[in-house]
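Following: one structure in structure tokens, then a few remarks.
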Number of protein chains: 2
Amino acid sequence: MGSVIPLKKSANSAYLDLKNLLGNKLSRVEGLIEQKLKSDVGLIKQMSDHHLKSGGKRLRALLTLGSAKLSGYVLGDRDINLAACVELIHSATLLHDDVIDESSLRRGIKTTNSIWGNQSSILVGDYLLSRCFEIMVDDGDLEILKLLSSTSAKIAQGEVLQLQHKGEADLLEDTYINIISLKTAALFSAATKTGACLSKSNEKEKKALESYGKNLGLAFQIADDALDYYAKEKLFGKEIGKDFFEGKTTLPLIIIFQKGNDEERSFLLEILKKEKRNDDDFSETLVNLVDLVKSA
Amino acid sequence: MGSVIPLKKSANSAYLDLKNLLGNKLSRVEGLIEQKLKSDVGLIKQMSDHHLKSGGKRLRALLTLGSAKLSGYVLGDRDINLAACVELIHSATLLHDDVIDESSLRRGIKTTNSIWGNQSSILVGDYLLSRCFEIMVDDGDLEILKLLSSTSAKIAQGEVLQLQHKGEADLLEDTYINIISLKTAALFSAATKTGACLSKSNEKEKKALESYGKNLGLAFQIADDALDYYAKEKLFGKEIGKDFFEGKTTLPLIIIFQKGNDEERSFLLEILKKEKRNDDDFSETLVNLVDLVKSA
């Protein structure tokens, strides 16, 4: 469990390297988002400000910008515009996710749904997505429009697939990978592919960047799912054990199910059948998990 | 209150005239939607089938088709594709609305949220909207893409504005018109304008059809809001008095506030301040409303 902090440090340094490489571009993306979300409706402004100012690493925007730079895109602001779109798709998803997961904390601060209620969060999510499409349409590239609109459909499908398998202790690893490919990796790979589309990259280069984004997205989600079991809330910025308490089966539980003994397997089957799981269930699951990791 | 049935008959006949004028086009729109919503995720298929098969007049699709015909669009299937988009924007909105309003009935049958829960309904709404953007992108007309994506942002803004003013007995008529312009009339006018954009209509013709759609949308929403007070559930297909019980101020209440006496006004102020309103509150409000209409 002590691996979280060193991991965080090295991840942070790679992240800062990428960010520094891009000069002031990320803050220009943030400025553009703020400007495009302007609305005469006061509540929309308040909520989107709160949501966007609650930070986040803007990793997907950075990937779009970094990939554009790597592909040799230099002139113009299309990288800024499209990085903003990718980030807005992510933000819209987060607003809806927080309603769906009944989350009260994200990145250590209160979620919009916990302040303004679920109704407003659903609508402001819709607003963000619609504005994002407007920016894409202004950019006017039909290949990118096609890519990002199909990505948005994939994210929704991944989330529904996840709901459909809720409470399944014996979730197949393949199904898990399918879920996270759709709900997370699709947007990472769209981000890197979008960057490649901005310059005259050939199909092979586009494919390579798309594949890089996809694999990074898978790794990111697997790490995030592991942190739900391992991290300290202060570092993670989210509540710990949420997936477990909600009955969402992710890789750590799949590993117990694959590698555990009969007793561990039936314990898991039993507690995931329950309407609610308690702290003791979580502690026992953690013990099983640590034992398995140690013996691996 | 006896005006509902005759109104329904004459509205039905105008509706059928429009539908008959368009031959099999509406069923082609429905076929296209069904085909485009296909997903490997079983739950999405089930839910979108249920939602779409629960019917509806497809009024917005008909307006798109009718406006295209009126403008002289003949060759090709773009009218079918874009009528499907307009209808999908509406469907996505309805799925989210039903979650927001906690509705259990729409068009006389159970809503998706009441069967599969709010979480899935939010996500399937996102899926419908994303698929709709994919169809628009395939159509490839940037003017229409711009129109429909900004319409989608307007709908969300209208809904948030409505939430923001919930429980306000003294809502200004202007604010009410602004709310329904955004949440309802914007899509009606986008539907008729889209039809006009498909042929070589000049700006004046486009503007005229846009304006027709907008005014029809306003009239439609005002009638719908009135039916919430007047209709019989069997004919209306929705629960009666929902706006009232939710503290949503619409034109009937605005009229009481404008034309009522001091006693009626303070009654309204008082009951809208309450956390919940009961059947007696609704009956008394109806009596005040009928008195005002009779004396008008």
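No value in this document is a laboratory result; all are computed from the given coordinates. Because the structure is a prediction, the values reported are computed rather than measured. Glycine also receives a Cβ, built like all others from the backbone with ideal geometry; neighbour counts cover every protein chain displayed.
Around the amide H of residue B:58, modelled in the peptide plane, lies no amide H under 5 Å away from a residue 5 or more places distant or on another chain. In the assembly of identical copies, residue B:75 has its label point, taken 7 Å from Cα in the direction of the beta carbon, separated from the corresponding points by 3.7 nm (ascending, one decimal). Rounded to the nearest 20 debye, the dipole magnitude of chain A is 1180 debye, with +1 charges on Lys and Arg beta carbons, -1 on Asp and Glu beta carbons, and the Cα centre as origin. Karplus-based coupling profile of the range B:126-135, in residue order and whole Hz: 4, 5, 4, 5, 5, 4, 4, 5, 4, 5, with θ = phi - 60° in 6.51 cos²θ - 1.76 cosθ + 1.60 and x standing for Gly or Pro. Annotation for residue B:150, label-to-label distances across the other copies: 2.9 nm (shortest first, one decimal, point 7 Å from Cα along Cα→Cβ). Compared with the dominant principal axis of the Cα atoms in chain B, helix B:203-230 is inclined by about 40°. Of the GluC sites (Glu not before Pro) found in the range A:188-296, those that fall in a DSSP loop while having at most 10 other beta-carbon atoms within 10 Å are A:275.
Principal-axis analysis of the Cα atoms of chain B puts helix B:186-198 at an angle of about 20° to the longest axis. Selection among B:111, B:18, B:223 by position relative to the dipole of chain B gives B:18 as farthest towards the positive end (Cβ unit charges, Cα centre).
How big is the charge dipole of the range B:142-296 about its Cα centre, in debye rounded to the nearest 20, if each Lys and Arg gets +1 on its Cβ and each Asp and Glu gets -1 on its Cβ? It would help to have the intermediate numbers written out before the result.
Values: 22 positive and 26 negative charges, 195 e Å.
The dipole of the range B:142-296 has a size of about 940 debye.
Using the Cβ-Cβ distance between residue A:266 and residue A:15 with R0 = 41 Å, the FRET efficiency computed as 1/(1 + (r/R0)^6) comes to roughly 0.50. Summary of the geometry: the range B:154-171 and the range A:166-214, compared by the centres of their Cα atoms, lie 39 Å apart. Couplings 3J(HN,Hα) for the range A:41-48, derived from phi with the Karplus relation 6.51 cos²θ - 1.76 cosθ + 1.60 (θ = phi - 60°), are 7, x, 5, 5, 4, 4, 6, 6 Hz, where x marks Gly and Pro. Shape of the range B:1-142 from its Cα gyration tensor (a ≥ b ≥ c, root eigenvalues): rounded if a/c is under 1.5, otherwise prolate when a/b > b/c, or oblate? Cα axes put the range B:1-142 in the oblate bin.
Helical content alone sets the calculated 222 nm signal of the protein assembly as shown at -24500 deg cm²/dmol, taking -39,500 (n - 2.57) per DSSP H segment of four or more residues and averaging over every residue. Computed from Cα positions, the angle between helix A:279-295 and the longest principal axis of chain A comes to roughly 90 degrees. Within the listed set B:42, B:31, B:117, the residue fluctuating most in the Gaussian network model of chain B (springs between alpha-carbon atoms under 10 angstrom) is B:42.
Along the charge dipole of chain A, Cβ charges K/R +1 and D/E -1, which of A:208, A:163, A:71 sits furthest on the positive end? Of A:208, A:163, A:71, it is A:71.
Between rounded, prolate and oblate, where does the range B:99-173 land on the alpha carbon gyration tensor, with a ≥ b ≥ c its root eigenvalues, rounded for a/c under 1.5, else prolate if a/b exceeds b/c? Oblate, because a/c is 1.5 or more while a/b does not exceed b/c.
Using the Cβ atoms and a cut-off under 9 Å, what net charge is assigned to the surroundings of residue B:188, where Lys and Arg are +1 and Asp and Glu are -1? List each step's numbers first, then the result.
Details: positive: B:60, B:214; negative: none.
Net charge around residue B:188: +2.
Is the shape of the protein assembly as shown rounded, prolate or oblate, going by the alpha carbon gyration tensor and its root eigenvalues a ≥ b ≥ c, with a/c under 1.5 for rounded and a/b larger than b/c for prolate? The shape class here is prolate. Partner shielding of B:132-138 amounts to 6, given as the average count of beta-carbon atoms from other chains within 10 Å of each residue beta-carbon. For the range A:4-295, the residue among A:150, A:54, A:283 whose Cα projects farthest onto the positive side of the dipole built from Cβ charges is A:54. Three principal axis extents describe the C-alpha atoms of chain A; from largest down they are 61, 45, 33 Å.
Listed by chain and number, the lysines placed with their C-alpha closer than 23 angstrom to that of residue B:166 are A:38, A:45, B:154, B:183, B:238, B:242, B:248, B:259, B:273, B:274, B:276; residues fewer than eight positions away on the same chain are left out. Placing a label point 7 Å from Cα along the Cα-to-Cβ direction at residue B:166 gives distances to the equivalent points in the other copies of 2.1 nm, listed shortest first.
The 3J(HN,Hα) values that the Karplus relation (6.51, -1.76, 1.60; θ = phi - 60°) gives for the range B:65-78 are, in residue order, 5, x, 5, 5, 5, 4, 7, x, 6, 10, 7, x, 10, 5 Hz. Gly and Pro appear as x.
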